[in-house]
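Since the structure comes first, as structure tokens, the remarks are kept for the end.
The values are calculated or read from the model by the stated rules, or taken from the named source; none is laboratory data. This one's a predicted model, so the numbers in the text were calculated from it and none came from an experiment. Counting neighbours? That spans all protein chains shown, and the Cβs are built from the backbone with ideal geometry, glycine included. Heads up: the accessible areas ignore ligands, DNA and RNA and are worked out on the full protein's heavy atoms, side chains in. Shrake-Rupley method; radii C 1.70, N 1.55, O 1.52, S 1.80 Å.
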Amino acid sequence: MKIYNSLTDKKEEFIPLQEGKVTMYVCGPTVYNYVHIGNMRPVITFDMVYKYFKYLGYDVLYASNFTDVNPKIIKAAEELGISEREVADKFIKAYLDDLQNYNCADIDYRPRVIDHIEDIFNFITKLIEKDYAYIVDGDVYFRVSKIKDYGILSNQDINDLISGSRVDIDEKKENPLDFALWRKTDKGENFDSPWSKGIPGWHTECVVMINKLFGPKIDIHAGGVDLKFPHHENEIAQSIALNNNYIANYWMHNGHININNEKMSKSLNNFILAKDFIKEHSPNIIKLAIFTTHYRLPINFTDKVFEDAQNIDNKISSVLKNANLYLNVHNLHKIDKNTKDSTFEEYMNDDFNTPNVITYLLSLVKELNQELRNNGDNILLLTNKIMTITSILGLEYACPELTESQKDTYQRWLEARNNKDFEKADLYRTKLTKENML
Ligand SMILES: [Zn+2]
């Protein structure tokens, strides 16, 4: 299996740290607001990656954090007139509801910064002891000049970074690239540290939680491409300093989402919140819209993209309903969502090439329609392949076992149709449609 590694900018053979096991971490949201559909791309993408590793038989451990200590949360608390904990709890709950509604909630750990303040103190203390960090007026900064490989992930030259506008110029720092591990503040919720009352820096949180959960190194660290610099670069710098590694052997980054060729932004007022999108579309639509583009490429969401996704969804849903009826009345209903398919694996093993998987899925749909017309022998196998692939993509389709009375209604519908009793046939048809069988 090959994965494109952002660290080396190459597709590389995936070799886990421990045979048969995969550890993965994806940067989660800062919980000060509702998430928009752009935030759902990494969630949906790495949910698919997680499910595919499981399909391959790996024992996978997947963590994604909540950044619940952050200046944005302090600001939101002030604006909403509630405490920081209330802000965090409110938006963690809203986020978990979104994940449930999008069927992406399956994960092993959801660590929170608030539970790791002591670990953060210990981590920063070690960096200071090793001279990788320095204290200025209660703030603690990381000394980037000590990291020879700084810029390795974002492929940037240190001098370009300094001259560019992407780093804060702050007179307290030895070097403009140095970043805060700890920031002194008496605003909002803050913590008594050995250096000052303050809050931890965002870049430190993820490294601390990864080390705590998994140890010094994991297999895959992932997130949106916008996190490459400075966030992930700074995570790597700290890990080089303390553990002499890049935290993860494979770094994966998903592309961003545009809406009608424009970046989603508050000023353009083109934000689509995940919770609002789901009111009009099923989660299958956004997933199909996302998977028809390779995860590393940017996506441009337009009405056409959603229409196309809706068409694909209709095709899959319709053939599965017909196949399900067939399998039920022929007593062949043995749904197995772990049916192996080498073509599917070939595409997935090529850096999760989901656009090819969707094309292949549509060819399976076509084949299954043909088999149903001809009462072929492969109806169960094709149904199981489609059920397996769609469930790994996180798409929801049901192939339930029908009750005797449902089967009876179906038989009566077929009979009425054969006898050209269209009035009766219509009645049965309505009943079947109501019960979502047609
Ligand atoms: Zn992170």
**Complete:** Stretched fully, the stretch from Asn159 through Ser318 gains (0.36 nm per residue minus C-alpha distance, one decimal, in nm) 51.5 nm
**Prompt:** Between the stretch 139-158 and the stretch 2-72, what is the C-alpha centre distance in whole Å?
**Reply:** 24
**Request:** Would you check the stretch 302-401 for Lys pairs whose C-alpha atoms are within less than 25 Å, ignoring same-chain pairs closer than 8 in sequence, and give me the count?
**Result:** 19
**Message:** Using a 1.4 Å probe on the protein heavy atoms only, what accessible surface does Lys51 show? Give it in Å² to the nearest 10.
**Reply:** 40
**Complete:** A correct Kirkwood calculation over the Cα atoms of the stretch 324-425 returns a hydrodynamic radius in Å of 15.2
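Run through the stretch 243-281 and list the trypsin sites (Lys or Arg not before Pro) located in a DSSP loop whose Cβ has at most 10 other Cβ atoms within 10 Å.
Working: sites: Lys263, Lys266, Lys275, Lys279; in loops: Lys266.
Those satisfying the criteria are Lys266.
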**Prompt:** Say a paramagnetic label sat at a point 7 Å from the Cα of Lys130, along Cα to Cβ; which residues of the stretch 198-214 have their backbone N under 17 Å from it?
**Reply:** 203-214
**Message:** If I ignore ligands, DNA and RNA and count only protein heavy atoms, how much of Val329 is accessible to a 1.4 Å probe, in Å² to the nearest 10?
**Reply:** 40
**Fill in**
With only helices counted (DSSP H, runs n ≥ 4, each -39500 (n - 2.57)), the per-residue ellipticity at 222 nm for the chain, to the nearest 500, works out to -14500 deg cm²/dmol
**Request:** Compare Thr45, Thr292 by solvent-accessible area with a 1.4 Å probe and give them largest first, with all protein chains kept in place.
**Result:** Thr292, Thr45
**Item:** For Val26, distant residues with modelled amide H under 5 Å away
**Value:** Ala63, Ser64, Asn65, Ala222
**Prompt:** In units of 2.2 N^0.38 Å, what is the alpha-carbon radius of gyration of the chain?
**Reply:** 1.15
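Of all DSSP beta bridges in the chain, what percent run antiparallel (nearest 5)?
Working: 18 of 40 bridges.
Here the antiparallel bridges make up roughly 45 percent for the chain.
State the extension gain, in nm to one decimal, for the chain segment bounded by Lys334 and Leu80, taking 0.36 nm per residue of separation less the distance between their alpha-carbons. Before the final figure, lay out each step's value.
Working: separation 254, 0.36 × 254 = 91.44 nm, distance 5.27 nm.
My answer for the length gained is 86.2 nm.
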**Spacing of the two label points (7 Å from each Cα toward its C-beta) at Asp108 and Glu423, in nm** = 6.4
**Message:** For Lys228, give me every one of the lysines with a C-alpha distance below 17 angstrom, ignoring sequence neighbours fewer than eight places off in its own chain.
**Reply:** Lys10
**Message:** At R0 = 60 Å, how high is the FRET efficiency between Asn369 and Asp137 if r is their beta carbon distance? Nearest 0.05 is fine.
**Reply:** 0.30
**Complete:** Diffing the stretch 142-153: the Karplus 3J(HN,Hα) column from phi (6.51, -1.76, 1.60, θ = phi - 60°), in whole Hz with x for Gly and Pro, holds 8, 8, 5, 4, 7, 9, 4, 8, 4, x, 5, 7
**Integer Hz, Karplus 6.51/-1.76/1.60 couplings in order for the stretch 347-354, x for Gly and Pro** = 5, 5, 6, 9, 6, 6, 7, 5
**Eligible lysines near Lys187 by straight Cα distance, threshold 20 Å, same-chain separation 8 or greater** = Lys72, Lys75, Lys172, Lys197
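How would Trp195, Trp413, Trp182 rank on accessible area, largest to smallest, probe 1.4 Å?
On the way: Trp195 45, Trp413 20, Trp182 0 Å².
Most to least solvent-accessible, the answer reads Trp195, Trp413, Trp182.
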